[in-house]
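Following: one structure in structure tokens, then a few remarks.
No lab work stands behind these numbers, since they all come straight from the coordinates. Note that the structure is predicted; figures quoted are calculated from it, not measured. Quick reminder, even Gly has a Cβ in these numbers, built from the backbone with ideal geometry, and neighbours come from all protein chains shown.
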Amino acid sequence: MRASRLLSVLLLLQAHGRMTATQLAERLEVSTRTIYRDVESLHAAGIPLYGEAGHAGGYQLVDGWRTRLTGLTAEEADRLFLTGLPGPADELGDGAVVAALQLKLHAALPQP
């Protein structure tokens, strides 16, 4: 679970740029303190990210850095057709899988 969450933090930062610990915690349904620990773990693992304090602050990856860890699991590939249908995916109990799939697809797209 933790490894999956670390990858999700990484992919969220890659897809959205700067995000606060609170935003990350809400998206991943964990505490802000957990995000602080996860960001520290990513930094210790050599991921080039940094945080800025203040109203406009947050965590972000160093400009131009991108990961290629966007491979789909078999379960995500099976749910590919649900990516445009978050409501029905939730009703089928596949909301979390589809959310992870959408994040990976978004992260794999080139920067605008």
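At a Förster radius of 41 Å, what calculated FRET efficiency corresponds to the Cβ-Cβ distance of Glu29 and Val62, to the nearest 0.05? All intermediate terms of the calculation are to be shown ahead of the outcome.
Numbers: r = 27 Å, r/R0 = 0.66.
FRET efficiency, Glu29 to Val62: 0.90.
What spacing in nm lies between the two simple spin-label points modelled at Ala53 and His106, each 7 Å away from Cα in the Cβ direction?
Taking the two extended label points, one gets 2.9 nm.
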